Each structure stands twice: as structure tokens, then as C-alpha cells.
Ligand SMILES: [Zn+2]
Ligand SMILES: [Zn+2]
């Protein structure tokens, strides 16, 4: 007989879970596995709130498993390490992002692309190899194999580093892979939210000319003055668009809503590239003429491998790239969900788990 989430593992854990697709989060007792010889266990101190968390607690992608503890921007302090762990010790500052395991033997895993492993295990709401369900970071403790633990350098504040584990690597990886990280290149960032604002920051420290492309003109000041973008383009303004046609080497498209692609193709120079990192619900319309004229490329990207995630975190620390965050108490999380749905956050909520998650008896 299947054991309850509270009893299936030896270590007691506590967090907040959604019980059904209403998405309403409330206190939840469950358990974590004992720290294995290759495992790192840590006390969760902060967890970022990603838009995926909301899709998942509301079962909008149809694959949610309830009860569901969301959260894949998890940071904290190591409490226990297994006997074979070499890279981490008790007290280290660490994090876990979107995945907690992979097969480690496929072609992807062999070249540090665990994120593309067909058997990759997401941090929450999937069945792990042992048949138990994974639970995310809206909880007091975490355990994962050493390979899936990221070191958070001392110079980065833990709360503002948390969103880098998903939002940060999601934009950093395509910038590197598509060669959009060379000083002097002109790169457009479509959408100024959790992902977009970090893309602007990475772009600036890479020495790029960064243009924010947004539907809302009222984000202009924020983009230019606060985030340091070089220019701002209202995507519905035909005159502004035309003036920028053929000027960009690449575009990082972070938008998850339906949006026309043809204007974006027009913004690219010959051989320009668009990297998609958002996941619109319906297929995007890609007119072939937009690509064949000017030999343009459209590609995708999904988070990043563990080696690259560590590289991204170290790069962020070196150049002082942090997410802009609003720190909230655990009890505020349902209100925060409502506010995320209204885009009423600059730019990420981060839950102060360490100080505000209180076990109920
Ligand atoms: Zn995420
Ligand atoms: Zn694999």
C-alpha cells in the first residue's frame, strides 16, 4: 500500500502545498529522503516564485500531481552531506533550481546537458525514480544529489540570488549558446518580467547594446533608468519598429503570451537569431519569409545544465548581477500569486522561508 507523503521517507518536512487546481496554497506535512552518500541536505532560507509555479498549482499544463509543493528557485544552508560528497560541507550556501536528477548516462548527461535528459527529474510534482513524488522549495528543507546543487558565492545575497536558479540560467544559457554574449552586439529583450529584467542585466555586464521590446510604454523609464537598457521599443508602435528594422544581432524572447513574430524577424540583421525561452500556450505563427530573407534563425532554450548553472551563478557574483525582488512572508503567498497574475511585481517575489515558515502542530 502506498504510504502517505508524511511517512514515505524518514525525514519530516513541512511546507505549503496546493491540494487541487484552485491553486490555493496552505500548510502541508510531508517527508524527505534520508541524506544518501552522494546527497546534500540543506535548510531552505529563501525560495523565489516563478510563473511556472502558478501554472503548476492551477494545473494549467495538465500534468500537476497534488498535493503540490511548488518552488524551484531554492537557496539555503547545508545541514548534512553524504560520505561521498566532495564539493560541499555543512554551513555552505547552496541552491537547487528546476531539476533534481537525471539519468547521468545519456548523450545529454555526458556533455553536461542534464536539462535535456529524457529522464530529467523536475524539482517538484513529478515521479522520481523510486516512485515518490518530488516536492519543491516552499518548504523547510531540501535534499538532492551533489551534481544538482549549486554553490551560491558569498558576495551574492541569498534572497536576490534565488531567482537566478531559474530566471537567470533561462536567459544566460541562450545568450551563450547563440553567441549573443559578445561585447558590442545589439540584442533585443522581448518582455520585461522575471526573465527579461535579468537578461537586460546580464546583457549590460557582457558589454552588449540592449534594447527592451515591450507592449507597455510605461515600462520605459524602468528599463532605461533602473535596469540600464540602452533603448526601449514599444512593440505596437509601427514607426518605432521601422526605425529599428535590421539593427539587432539577436533577440531573447521571454514572452509567454501569444505575440506576432514577423516584427521581431524584421528587427534582426542578416544572420540574426531569435532565442525563445517563453512557452506560449498556442503555436506561434512563423512566416517563412521572415526567416529566409536575411538568413535568420529561430531557436529555443530550456534552463541550462548544472555546469553552466554554476558558471552563470559565478558570473553573476563576479559582475554583481542580482534579481530585483520583493521579499514576502510565507503567509502572503496566495496574495503574491494574485499579484503575479496582474504583473504587479518588480520583478520576482522571494519567500523568506527561514524566518516566516512556521510549522503547525
Ligand atoms: Zn521557473
Ligand atoms: Zn540523461
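Where a number appears in this text, it was derived from the coordinates with a stated rule and is not lab data. Predicted model only: the values in this text are computed from it and were never measured. So basically every Cβ, Gly included, is an ideal-geometry build from the backbone, and we count neighbours across all protein chains shown.
For region 234-311, what ratio Rg/Rh do Cα atoms give with a Kirkwood hydrodynamic radius? Each step should come with its number before you reach the end.
On the way: Rg = 13.7 Å, Rh = 13.5 Å.
My calculation puts Rg/Rh at 1.01.
By average Cβ neighbour count within 10 Å, what is the ranking of 236-243, 204-211, 295-302 from highest down? Mind dumping the intermediate values first?
On the way: 236-243: 12.0, 204-211: 19.2, 295-302: 15.1.
Result, highest mean Cβ count within 10 Å first: 204-211, 295-302, 236-243.
Looking at the chain, send over the antiparallel percent of its DSSP beta bridges, to the nearest 5.
Values: 34 of 60 bridges.
Percent antiparallel among DSSP bridges in the chain is about 55.
Exposure proxy check: 57, 292 ranked by fewest other beta carbons within 10 Å?
Least crowded to most crowded, the residues run 292, 57.
Could you please rank 43, 219, placing first whichever residue has the fewest other Cβ atoms within 10 Å of its Cβ? Write down the numbers at each step before the final one.
Details: 43 14, 219 23.
Listed from fewest to most nearby Cβ atoms, that is 43, 219.
Report D for the chain in µm² per second (integer): Stokes-Einstein, Kirkwood Rh on Cα pairs, 37 °C, 0.692 mPa s. Provide the component values of the computation, followed by the final result.
Numbers: Rh = 20.9 Å.
Value of D from the Cα-based Kirkwood radius: 157 µm²/s.
On a 0 to 90° scale, report how tilted helix 306-318 is relative to the longest principal axis of the chain, with both axes built from alpha carbons and the result rounded to the nearest 10.
On a 0 to 90 degree scale, this one is about 70.
Name the most mobile residue of 166, 98, 106, meaning the one with the largest mean-square fluctuation, in a Gaussian network model of the chain with Cα contacts below 10 Å.
106
Taking neighbour Cβ counts within 10 Å as the exposure measure, how do 274, 133 sort from fewest upward? Don't skip to the answer; put the middle values down first.
Numbers: 274 26, 133 17.
So the ranking, lowest neighbour count to highest, is 133, 274.
At what distance in angstrom do the alpha carbon centres of region 265-312 and region 16-89 lie from each other?
Between the Cα centres of region 265-312 and region 16-89 lies a distance of 30 Å.
For region 109-158, report the translational diffusion coefficient in µm²/s to the nearest whole number, using Stokes-Einstein at 4 °C, 1.567 mPa s, and a Kirkwood Rh over Cα pairs.
Details: Rh = 13.0 Å.
Rounded to a whole number, D works out at 100 µm²/s.
Across all directions of projection, what mean area in square nanometres is found for the Cα convex hull of region 167-300? Walk me through the numbers on the way to the answer.
On the way: hull surface 28.5 nm².
Convex hull of Cα atoms, orientation-averaged projection: 7.1 nm².
In whole Å, what are the Cα extents of region 289-361 along the three principal axes, biggest one first?
Largest to smallest, the principal-axis extents are 62, 32, 25 Å.
If you average the alpha carbon positions of region 222-261 and of region 93-129, how far apart do those two centres end up, in angstrom?
When both Cα centres are located, 33 Å separates them.
Taking springs between alpha-carbon atoms closer than 10 angstrom, which of 233, 45, 164 fluctuates most in the Gaussian network model of the chain?
The residue with the greatest mean-square fluctuation here is 233.
So what's the back-of-envelope 222 nm ellipticity for the chain, counting only DSSP H runs of four-plus at -39500 (n - 2.57) apiece and dividing by all residues, rounded to 500?
Details: 11 runs with 82 residues, N = 361.
Result for the chain, helices only: -6000 deg cm²/dmol.
Kindly express, to the nearest 10 degrees and within the range 0 to 90, the angle between helix 194-205's C-alpha long axis and the longest C-alpha principal axis of the chain.
So the inclination is approximately 60 degrees.
Report the residue, chosen from 278, 196, 184, that carries the largest GNM mean-square fluctuation when the chain is represented by alpha-carbon nodes joined by springs under 10 Å.
Answer for the Gaussian network model of the chain: 184.
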